[in-house]
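Working notes, structure below.
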Amino acid sequence: QVQLVESGGGLVQAGGSLRVSCTASGSTFSSYMGWFRQAPGKEREFVAAIVWSGAATYYADSVKGRFTISRDNAKNTVYLQMNSLKPEDTAVYYCAGHPIGSVYYSSSYAYWGQGTQVTVSS
(Lines give C-alpha, C1' and ligand atoms only; values in the text may rest on other atoms or scores of the structure.)
Protein backbone atom coordinates (compact mmCIF):
# COMPACT_ATOMS: atom_id res chain seq x y z
CA GLN A 1 0.00 0.00 0.00
CA VAL A 2 1.22 3.48 -0.87
CA GLN A 3 0.24 6.70 0.86
CA LEU A 4 0.66 9.97 -0.99
CA VAL A 5 0.64 13.35 0.73
CA GLU A 6 0.68 16.61 -1.21
CA SER A 7 1.86 19.94 0.13
CA GLY A 8 2.79 23.39 -1.07
CA GLY A 9 -0.45 24.68 -2.50
CA GLY A 10 -1.63 28.21 -1.86
CA LEU A 11 -2.66 31.53 -3.32
CA VAL A 12 -0.52 33.27 -5.91
CA GLN A 13 -0.98 36.12 -8.34
CA ALA A 14 -1.11 35.54 -12.06
CA GLY A 15 2.38 35.33 -13.48
CA GLY A 16 3.76 33.99 -10.24
CA SER A 17 5.27 30.64 -9.32
CA LEU A 18 4.47 27.87 -6.92
CA ARG A 19 5.90 24.42 -6.22
CA VAL A 20 3.80 21.56 -4.96
CA SER A 21 5.27 18.38 -3.54
CA CYS A 22 4.07 14.83 -3.07
CA THR A 23 5.72 12.46 -0.64
CA ALA A 24 5.08 8.75 -0.81
CA SER A 25 5.26 6.31 2.07
CA GLY A 26 4.22 2.80 2.92
CA SER A 27 5.68 0.89 0.01
CA THR A 28 7.95 1.10 -3.00
CA PHE A 29 7.88 4.46 -4.72
CA SER A 30 5.97 3.87 -7.94
CA SER A 31 7.74 3.63 -11.25
CA TYR A 32 5.62 6.40 -12.73
CA MET A 33 4.17 9.30 -10.80
CA GLY A 34 1.68 11.80 -12.08
CA TRP A 35 -0.03 15.08 -11.28
CA PHE A 36 -3.65 15.77 -12.07
CA ARG A 37 -5.89 18.73 -11.30
CA GLN A 38 -9.57 19.34 -10.90
CA ALA A 39 -11.27 22.70 -11.07
CA PRO A 40 -14.78 23.25 -9.68
CA GLY A 41 -17.40 21.79 -12.00
CA LYS A 42 -14.81 20.18 -14.25
CA GLU A 43 -13.40 16.72 -14.67
CA ARG A 44 -10.03 15.75 -13.29
CA GLU A 45 -7.40 16.34 -15.95
CA PHE A 46 -3.85 15.20 -16.56
CA VAL A 47 -1.09 17.70 -15.87
CA ALA A 48 2.24 15.87 -15.91
CA ALA A 49 3.92 12.53 -15.29
CA ILE A 50 7.45 11.27 -14.78
CA VAL A 51 9.16 7.91 -15.00
CA TRP A 52 11.25 6.42 -12.16
CA SER A 53 14.58 7.56 -13.56
CA GLY A 54 13.31 11.01 -14.40
CA ALA A 55 14.51 10.46 -17.95
CA ALA A 56 11.03 10.73 -19.41
CA THR A 57 8.42 13.35 -18.62
CA TYR A 58 4.98 13.99 -20.03
CA TYR A 59 2.94 17.18 -20.00
CA ALA A 60 -0.48 18.40 -20.93
CA ASP A 61 -0.36 20.94 -23.74
CA SER A 62 -1.90 23.54 -21.45
CA VAL A 63 1.09 23.51 -19.09
CA LYS A 64 3.95 22.63 -21.42
CA GLY A 65 6.75 25.17 -21.11
CA ARG A 66 5.39 26.54 -17.83
CA PHE A 67 5.33 23.52 -15.49
CA THR A 68 8.17 21.13 -14.68
CA ILE A 69 7.79 17.76 -12.99
CA SER A 70 10.74 16.23 -11.17
CA ARG A 71 11.42 13.64 -8.51
CA ASP A 72 13.85 12.86 -5.72
CA ASN A 73 13.76 9.10 -5.22
CA ALA A 74 15.94 9.31 -2.11
CA LYS A 75 13.16 11.35 -0.53
CA ASN A 76 10.29 9.47 -2.19
CA THR A 77 9.06 12.85 -3.36
CA VAL A 78 7.80 14.17 -6.67
CA TYR A 79 7.56 17.89 -7.38
CA LEU A 80 5.59 20.10 -9.72
CA GLN A 81 7.17 23.48 -10.32
CA MET A 82 4.58 25.85 -11.74
CA ASN A 83 5.71 29.08 -13.37
CA SER A 84 3.83 31.80 -15.24
CA LEU A 85 0.66 30.77 -13.49
CA LYS A 86 -2.69 31.76 -14.94
CA PRO A 87 -6.11 32.04 -13.31
CA GLU A 88 -7.20 29.00 -15.32
CA ASP A 89 -4.59 26.95 -13.44
CA THR A 90 -6.72 27.30 -10.32
CA ALA A 91 -7.66 23.81 -9.15
CA VAL A 92 -7.06 21.13 -6.59
CA TYR A 93 -3.86 19.38 -7.58
CA TYR A 94 -3.59 15.66 -6.97
CA CYS A 95 -0.59 13.40 -6.92
CA ALA A 96 -1.07 9.87 -8.26
CA GLY A 97 1.06 6.76 -8.44
CA HIS A 98 1.42 3.27 -9.85
CA PRO A 99 -0.40 3.61 -13.15
CA ILE A 100 -1.40 0.49 -15.05
CA GLY A 101 -1.86 1.68 -18.58
CA SER A 102 -1.55 5.14 -20.01
CA VAL A 103 -0.10 7.79 -17.69
CA TYR A 104 -2.51 10.31 -19.22
CA TYR A 105 -5.67 8.75 -17.78
CA SER A 106 -6.70 9.12 -14.15
CA SER A 107 -8.33 5.68 -14.27
CA SER A 108 -4.88 4.14 -14.76
CA TYR A 109 -3.65 5.14 -11.32
CA ALA A 110 -4.02 2.98 -8.22
CA TYR A 111 -2.99 5.51 -5.58
CA TRP A 112 -4.01 9.10 -4.97
CA GLY A 113 -3.20 11.84 -2.54
CA GLN A 114 -5.80 14.02 -0.84
CA GLY A 115 -5.06 17.03 -3.03
CA THR A 116 -3.74 20.52 -2.45
CA GLN A 117 -5.51 23.71 -3.48
CA VAL A 118 -3.78 26.08 -5.89
CA THR A 119 -5.50 29.42 -6.46
CA VAL A 120 -4.23 31.94 -8.99
CA SER A 121 -5.68 35.43 -8.72
CA SER A 122 -5.91 37.79 -11.68
Fraction of alpha-carbon pairs over 19 Å apart in the chain - percent = 40 percent
Filtered hits (aspartates and glutamates, Cα-Cα < 20 Å from K42, offset >= 8 within chain) -> D61, E88, D89
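Leaving out ligands, DNA and RNA, and with a 1.4 Å probe, what % of the accessible surface on region 43-119 is carbon or sulfur?
That share works out to 49 percent.
Give me the percent relative contact order of region 1-116, please, defined on Cα pairs under 8 angstrom at least 6 residues apart.
That works out to 33 percent.
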Just the accessible area per residue of region 29-92, please: how many Å² with a 1.4 Å probe?
-> 47 Å²
Computed on alpha carbon atoms, what radius of gyration and Dmax characterise region 51-117, expressed in Å?
-> 12.4, 34
Burial-style ranking of 42-54, 62-74, 84-96, average other-beta-carbon count within 10 Å with highest first, yields 84-96, 42-54, 62-74
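The values are calculated or read from the model by the stated rules, or taken from the named source; none is laboratory data. Computed from a predicted structure; not experimentally measured. Note that we place each Cβ from the backbone using ideal geometry, even for glycine, and neighbour counts take in every protein chain shown. The protein model used for the area step is the full one, side chains on, heavy atoms only, and it has no ligands, DNA or RNA in it. Shrake-Rupley method; radii C 1.70, N 1.55, O 1.52, S 1.80 Å.
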